[in-house]
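Novice: Pasting a structure below so you can have a look.
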Amino acid sequence: MDSLSLLRHHGDAEVGDGMVDFAVNVQGASPPEWLRARLADKLVDLGAYPRASADLLARETIARRHGRHCDQVLLLSGGAEGFAMLPRLGPTLAAVIHPSFTEPELALREAGIEVHQVVLPAPYRLDPSRVPDAADMVVIGNPTNPTSVLHTRADILALRRPGRILVVDEAFMDAVAGEDESVSADCFDDVLVLRSLTKTWALAGLRCGYALGHRDVLQRLAHGRAHWPVGTLQIEAITACSEPAAVKIAMDAAASIAADRDAMIDRLRGVGIDVHGPARAPFLLLAIPAADDIREQLRAEGIAVRRCDTFPGLPPDHLRVAVRGPEQVDVLVAALTRALRSHALPRTENVS
């Protein structure tokens with residue numbers, strides 16, 4: 001498999017019908033009932049083109065959520081659309097912090113832009129000095145997929161330089177209790193933040209997200225975009241999930257995810273699994289010898305986990321698992337215990 005094919009790989013490719021899904025980081029199988037009702041009410045509007053007034057309302061709602069002006073908000077058809085737009089900003093050398101989500105690098109490389117991989121060694125903490133001064137774009141995820149590392153706001157902003165655009169992928173930030181290290185409210189003219197609503201709200205099939213940045217940067221980002229790039233149902237979902245009541249629900253969910261994550265870490269470490277920590281995202285990075293064999297054995301038992309050899313900078317013996325509730329974790333731990341025994345793998349020292 002060539003390097004671009006590896007960058008294209010996503011967790012959904014691991015999941016088959018009826019499998020217990022630890023490979024995809026979406027919370028839940030479908031949106032909550034109140035959100036489904038909001039979307040259903042908009043079905044009667046699908047005969048008309050998406051309205052500019054609805055787009056404006058969505059941007060105003062997001063702007064209030066982050067303490068910004070509405071012209072600093074751009075609606076996206078999923079956060080991944082924002083990555084596809086990055087080449088429009090005209091970087092000559094883009095530095096991508098790894099290990100991390102691979103879609104930004106894929107988009108940049110396919111556009112013919114030179115990419116410098118800044119590979120962080122374990123424990124994968126950001127060191128701004130590793131980024132070449134010549135880079136006029138830097139892309140970083142926070143919290144980072146798949147390491148579950150949450151970088152500090154100060155370290156993120158230390159990446160700023162004159163003539164450079166800093167792109168911060170905050171796709172999972174709404175799953176971090178308190179969002180303490182977010183830069184979404186920072187109105188810098190050289191910082192572009194990409195947010196996703198698909199994970200927390202189980203909207204992966206609808207593609208909902210937005211970008212936050214200086215209006216001039218957003219205009220360059222959207223230049224040449226097709227008419228009506230975000231549909232009526234997407235706009236309604238983005239608006240609904242950005243309203244104060246929904247933000248409160250997401251904050252409560254983040255606290256529940258943190259509790260489930262801590263319990264899951266204890267369970268996994270209890271059977272000798274090396275779990276990278278501290279973990280702050282709704283997924284965990286596991287170091288397991290013979291990881292590919294273990295993944296295939298879990299798959300044979302109907303459990304999907306994410307391979308990690310597609311992430312630049314990660315040794316091959318790693319897997320990523322989504323944070324789930326205790327019943328699903330029971331299934332995973334029992335299957336992992338059987339797999340470890342069948343491979344006679346030694347117990348590992350925990351890394352934190």
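Novice: For segment 272-348, what does the alpha-carbon gyration tensor say about shape, rounded, prolate or oblate, given a ≥ b ≥ c as the root eigenvalues, a/c under 1.5 as rounded, and a/b over b/c as prolate?
Specialist: Rounded shape, in that the Cα axes give a/c under 1.5.
Novice: For an R0 of 22 angstrom, estimate the FRET efficiency from the Cβ-Cβ distance between residue 30 and residue 309 and round to the nearest 0.05.
Specialist: 0.10
Novice: Taking H placed 1.01 Å from N in the peptide plane, check which residues at least 5 places from residue 76 or on another chain put their amide H under 5 Å from its amide H.
Specialist: Close amide H contacts, sequence-distant or interchain: 209, 210, 211.
Novice: Would you mind computing, in nm to one decimal, how far apart the modelled labels at residue 266 and residue 219 are, each placed 7 Å from Cα along Cα→Cβ?
Specialist: Going from the residue 266 label point to the residue 219 one covers 5.5 nm.
Novice: Need one number: nm distance between label points at residue 111 and residue 245, each 7 Å from Cα along Cα→Cβ, rounded to one decimal.
Specialist: Between residue 111 and residue 245, the simple spin-label model gives 3.9 nm.
Novice: Within the chain, which complete DSSP H helices have Cα atoms spanning at least 27 Å along the helix axis and a mean Kyte-Doolittle hydropathy of 0.0 or higher?
Specialist: TM-like helix candidates: 244-270.
Novice: Rank these residues by their accessible area, most exposed first, probe 1.4 Å: 161, 220.
Specialist: These residues rank, largest area first, as 220, 161.
Novice: Pop out the carbon and sulfur fraction of the accessible area of segment 90-239 as a percent, whole number, probe 1.4 Å. Each step should come with its number before you reach the end.
Specialist: Working: 2630 of 5320 Å².
Answer for segment 90-239 is 49 percent, counting heavy atoms of protein chains only.
Novice: Just name one of 279, 35, 256: the one whose Cα is farthest towards the positive end of the charge dipole of the chain (beta-carbon charges, Lys/Arg +1, Asp/Glu -1).
Specialist: 35
Novice: Compute a Gaussian network model of the chain, connecting alpha carbons closer than 10 Å, and tell me which residue from 100, 182, 30 fluctuates the most.
Specialist: Of the options given, 30 has the highest mean-square fluctuation.
Novice: Tell me which residues come under 5 Å, amide H to amide H, from residue 288 once H is placed; ignore anything under 5 positions away on its chain.
Specialist: Amide H neighbours of residue 288, under 5 Å, 5+ apart: 318, 319.
Novice: Please work out whether segment 115-234 counts as rounded, prolate or oblate from its C-alpha gyration tensor, where a ≥ b ≥ c are the square roots of the eigenvalues and a/c under 1.5 means rounded, while otherwise a/b larger than b/c means prolate and anything else oblate?
Specialist: It comes out oblate by the Cα gyration axes.
Novice: Could I ask something else about it? How many percent of all Cα-Cα pairs in segment 198-323 sit more than 20 Å apart? Intermediate results must be reported in sequence, preceding the final value.
Specialist: Working: 4857 of 7875 pairs.
The answer is 62 percent, as a whole percent.
Novice: Evaluate the distance, in nm, between pseudo-label points positioned 7 Å from the Cα of residue 153 and of residue 17 along their respective Cα→Cβ axes.
Specialist: About 4.8 nm separates the two model spin labels.
Novice: Still on this structure: Want the number for residue 337 to residue 125: 0.36 nm per residue separation, take away the alpha-carbon distance, what's left?
Specialist: 73.3 nm
Novice: Would you please name the trypsin sites (Lys or Arg not before Pro) within segment 1-107 that are DSSP coil residues with at most 13 other C-beta atoms within 10 Å of their C-beta?
Specialist: Sparse-neighbourhood loop trypsin sites (Lys or Arg not before Pro): 51.
Novice: I've got another one for you. Taking all pairs of different Cα atoms in segment 3-87, averaging 1/r and flipping that mean, what Kirkwood radius in angstroms comes out?
Specialist: Taking the inverse mean of 1/r over all distinct Cα pairs, segment 3-87 comes out at 16.6 Å.
Novice: Could you grab the Rg to Rh ratio for segment 1-148? Cα atoms only, Kirkwood for Rh.
Specialist: 1.02
Novice: Grab the DSSP H runs of the chain that are 4 residues or longer, score each as -39,500 (n - 2.57), total them, divide by all residues and round the 222 nm result to the nearest 500 deg cm²/dmol.
Specialist: -10500 deg cm²/dmol
Novice: In square angstrom, what is the accessible area per residue of segment 46-190 with a 1.4 angstrom probe?
Specialist: 38 Å²
The values are calculated or read from the model by the stated rules, or taken from the named source; none is laboratory data. What you see is a predicted model; the values in this text were computed from it and never measured. Positions of Cβ are generated from backbone atoms using ideal geometry, with glycine treated the same way; all protein chains shown enter the neighbour counts. Surface areas here come from the heavy atoms of the whole protein model, side chains and all, with no ligands, DNA or RNA. Shrake-Rupley method; radii C 1.70, N 1.55, O 1.52, S 1.80 Å.
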